[in-house]
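Structure record follows, encoded as structure tokens.
Here, each number is a calculation from the coordinates, and none is a lab measurement. Only a predicted model underlies this, so the values are computations on that prediction, with no experimental measurement involved. Note that we place each Cβ from the backbone using ideal geometry, even for glycine, and neighbour counts take in every protein chain shown.
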Amino acid sequence: MTEWRALSDDEIVELARRLRSVNWPCPLDDIPELAASFGWEVKSSRPEWVRLDSGFGRASGLVEAEGGKAVELTLQVTDFADKDQAGRTQTRDTFVRMTNALIGGLGEPTARIPGESAEVRWAGGEATIVLSDLDITVQLALVTNARLAAQDRTIDLQEQGLI
């Protein structure tokens, strides 16, 4: 097995700070230039999304768009872990480490969402930085506040059994 990779504390904080400085949402047509400025490679694109290699493989980044505007950028910040208890522990520990690093770099989060797919959020004026523990990987995202609110409403309705 190859060594499992994850961004360091300094790397995750620097990435989050740079993402915070991006004018978001932005035109989807601007994503190739944005990707190049971060050192990412565009792998494929469609009118509603762009797939990126952000350093963890050819589909380790995804930009989703609505009406020609990029509204969500999701990046893997770790390799995929094994689908066993050791892998789960590895991702959970990395999520906690990255959360603590981001608190040191960005301040206290505006939301902590516990659970199977835990999230920690740092809200900004137009967009929110989201760190997510997805069981086999950890992701960092930049999401417009409107899209995040819509996602939260959908989850609430699902949990109430209404959809």
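Longest exposed-loop-site-free stretch of the chain, with GluC sites (Glu not before Pro), DSSP loop and at most 13 other Cβ within 10 Å?
Working: sites that count: 3, 48, 116, 126.
Here the longest run is 49-115.
The trypsin sites (Lys or Arg not before Pro) found in the stretch 71-163 that occupy coil by DSSP, while having at most 10 further C-beta atoms within 10 Å, are 83.
Sorted from greatest to least, the principal axis extents spanned by the alpha carbons of the chain come out as 41, 40, 30 Å.
Averaging the Cα positions of each part gives two centres, and for the stretch 47-92 and the stretch 103-163 these lie 14 Å apart. The Cβ shell under 15 Å around residue 46 holds other residues with a net charge of -2, Lys and Arg each +1, Asp and Glu each -1. Charging the Cβ of each Asp and Glu at -1 and of each Lys and Arg at +1, and nothing else, the dipole of the stretch 1-112 about its Cα centre rounds to 200 debye.
At most 14 other Cβ atoms within 10 Å and a DSSP loop assignment: could you name the trypsin sites (Lys or Arg not before Pro) in the stretch 1-38 that fit? All intermediate terms of the calculation are to be shown ahead of the outcome.
Working: sites: 5, 17, 18, 20; in loops: 5.
Counting only loop positions with at most 14 other Cβ atoms within 10 Å, the trypsin sites (Lys or Arg not before Pro) in the stretch 1-38 are 5.
Each principal axis of the Cα atoms in the stretch 78-163 has its own extent, and those three values, largest first, are 35, 35, 18 angstrom. When shorter helices are ignored and each DSSP H run of at least 4 residues is given -39500 (n - 2.57), the per-residue value for the chain at 222 nm works out to -11500 deg cm²/dmol.
For residue 59, neighbours were defined as the other residues whose beta-carbon sits under 12 Å from its Cβ, and their charges (Lys and Arg +1, Asp and Glu -1) total +1.
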